[in-house]
Amino acid sequence: MTDYKPMWQGLGLDLAAHDQLLAVLGQAYTDTYLSQAARPEGMGYFDFVMSEVHGLRIKELRDAQEAGRKVIGTFCVFVPDEIILAADAVSVGLCAGAEFGFAEAERLLPRNTCSLIKSFYGFKLNKVCPYLEATDMVVGENTCDGKKKAYEIFRDVQSNLYVMDLPQTKTPRGRDLLKAEYRRFMTELERLSGVTITAERLKKGIERVNSRRRALHRLAQLRAADPAPISGRDALLINQIAFYDDPERFTDAVNKICDELEAQVAVGAGVTAKGAPRVLVSGCPMAVPNWKLAAIVEGAGGVIVGEESCVGERGTRNLVAPAGDDLESLLDAIVDRYFQINCAVFTPNEARTEDIVNMTREYKADGVIHYSLQFCSPYLVESYRVEQGLIEQGIPVLRLETDYSAEDVGQLTTRVEAFLEMLRK
């Protein structure tokens, strides 16, 4: 990677701690990805993006700011990229996938706070995330109770935090709340950027994000083939990079690798043996560099063929439907699209179990692993109903609860190996 230390210094990072984080990230990436025996050639682009994730991509964000554009950092798929792009701003996902700086985070948060929340606190308090430091606005969202309360304190250390309220029920009143919050967000982006969001601008934003989703849908459909043309690890990485990369460049790269994978499927080639145990992973999102479960499953001889996750199909499933040409109609279409996301914060949430069952069948999965982060109450509580719903449909399921550390890798490996052995019978 190019030496970007002068730029990092300008962001106020702790360079020693940042170097330590990059070393951890680099080693995890080498162990998880570069050690794979067979990978599509098109993964070379995504390997390059990861090698420059704290370098060239950060420079691109700084260059955009020099040109007068604003950088908007987000944590959640409920934050509408369409509106951010309509304000001629840049949307980037923020750091929240590693056990780094937890001791500092626990000075402000209870120890039994989920790893995702402690992670973005740790990255901020240790000054190791250039994305956080490069933003003009960080968008928090009131999803789970942990985030709601954590943002109250996070504002003390991240002065440009903007918090968006979200509904907890799929009711007309809940939809009205979502629309009001998206309208308020649009007004705040206009104030920050100095750009008036017109119907034409919003329509272009919708088209750009829909194109990215279509490419990811194409990739997802190819994973239904047996043998699988791409590993779950590589597919997860692509979905993770979707939050960081330039939308058009990313969309082009995904479509190119899909061209390659389609050719492999046509001749019956794949990265695993035909008949390898096929697993759908459901539950909490996995942000970079959270590759632990994927490495365990595929290291044990299984293959992950889909993710019912915000970093996966739940976050990208639906397109914004065609609407009228006026701003109000376009905003309604955006609200309708995001209101279909079946996050565990909603109650009741039977539709999420239906999604998991449908994905299991569509991608020809032999079983489901329900993945929950420790202390993530929405997914931990909901895992019971998901398990019961899958059992009723005759679908094998394994519930796992873990964190970002490597301490439980041995235990998880034993349980996953036993589950895969059951699927082989």
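Looking at the range 327-342, is at least one residue basic (Lys, Arg) and farther than 24 Å from Ile296 by Cα?
Step one: filter the range 327-342 for residues basic (Lys, Arg), giving 337.
Then keep just the ones that are farther than 24 Å from Ile296 by Cα; that gives 337.
Yes, the conditions are met somewhere in the range 327-342.
For (1) of a type in the set (Val, Ile, Thr); (2) touching a Ser or Thr at 6+ places or on another chain (Cβ under 8 Å); (3) assigned to a strand (DSSP E or B); (4) under 28 Å from Leu261 (Cα atoms), each residue gets a yes or a no:
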| position | (1), (2), (3), (4) |
| --- | --- |
| Gln158 | no, no, no, no |
| Gln168 | no, yes, no, no |
| Gly174 | no, no, no, no |
| Glu181 | no, no, no, no |
| Leu216 | no, yes, no, yes |
| Asp226 | no, no, no, yes |
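Quick one: which residue in Asp145, Asp176 is surrounded by fewer than 21 Cβ atoms within 10 Å (Cβ to Cβ), under 20 Å from the mean Cα position of the chain (by Cα), farther than 27 Å from Gln9 by Cβ and of a type in the set (Asp, Glu)?
When all the criteria are applied, what remains is Asp145.
Mind listing just one residue for me: the one in the range 19-52 that is crowded, with 17+ Cβ neighbours inside 10 Å and part of a loop (DSSP other than H, G, I, E, B) and, of those, modelled with the lowest pLDDT?
Among them, the one singled out is Arg39.
Name the residue, out of Leu236, Leu178, Leu166, Leu216, that is in contact with a Pro (Cβ under 6 Å, 6 or more places away or on another chain) and more than 25 Å from Glu66 (Cβ to Cβ).
Criteria check complete, one pass: Leu178.
Keeping to the range 107-156, report how many residues are under 18 Å from Ile72 (Cβ atoms) and either of a type in the set (Lys, Arg) or not in a loop (DSSP other than H, G, I, E, B) (or both).
Result for the range 107-156: 18.
Which of the residues belonging to the range 7-18 are part of a helix (DSSP H, G or I) and either buried (at least 19 other Cβ atoms within 10 Å of the Cβ) or of a type in the set (A, V, I, L, M, F, W, C) (or both)?
Selection gives Met7, Trp8, Leu15, Ala16, Ala17, His18.
The rows are residues; the columns are (1) more than 23 Å from the chain's Cα centre (by Cα); (2) modelled with pLDDT of 95 or more.
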| position | (1), (2) |
| --- | --- |
| Ser329 | yes, yes |
| Asp336 | no, yes |
| Gln388 | yes, yes |
| Glu392 | yes, yes |
| Ala406 | no, no |
| Met422 | yes, yes |
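Could you check the range 242-262 and list, in sequence order, the residues that are closer than 20 Å to Ile83 by Cα, part of a helix (DSSP H, G or I) and either in contact with a helix residue (DSSP H, G or I) (Cβ under 8 Å, 6 or more places away or on another chain) or of a type in the set (Val, Ile, Thr) (or both)?
Across the range 242-262, the qualifying residues are Pro247, Glu248, Phe250, Thr251.
Going through Val265, Val297 one at a time, which residue ends up being touching a strand residue (DSSP E or B) at 6+ places or on another chain (Cβ under 6 Å) and part of a helix (DSSP H, G or I)?
Unique residue meeting the criteria: Val297.
Within the bounds of the range 227-241, is there any residue that is of a type outside the set (Ser, Thr, Tyr), farther than 20 Å from Gly306 by Cα and within 23 Å of the chain's Cα centre (by Cα)?
no
Just to be sure I understand, how many residues within the range 189-212 are assigned to a helix (DSSP H, G or I) and either touching a Ser or Thr at 6+ places or on another chain (Cβ under 8 Å) or in contact (Cβ under 8 Å) with a residue 40 or more places away in the chain (or both)?
Final tally of qualifying residues: 16.
Taking only the range 168-188 into account, find how many residues are closer than 19 Å to Pro348 by Cα and in contact (Cβ under 8 Å) with a residue 40 or more places away in the chain.
Adding up the residues that qualify gives 6.
Hey, among Val267, Val288, which residue is buried (at least 22 other Cβ atoms within 10 Å of the Cβ) and more than 30 Å from Ile197 (Cα to Cα)?
Just a single option satisfies the conditions, and that option is Val288.
Could you grab the pairs with beta carbons closer than 7 Å, sequence gap of 6+ or different chains, first residue in the range 43-55 and of a type outside the set (A, V, I, L, M, F, W, C), second one surrounded by fewer than 16 Cβ atoms within 10 Å (Cβ to Cβ)?
Correct list of pairs: Ser51/Met1; Glu52/Met1; His54/Leu22; Gly55/Met1; Gly55/Thr2.
The values are calculated or read from the model by the stated rules, or taken from the named source; none is laboratory data. In this text, all values refer to a predicted model and were calculated from it rather than measured experimentally. In this analysis, Cβ positions are derived from the backbone assuming ideal geometry, glycine residues included, and neighbour counts consider all displayed protein chains.
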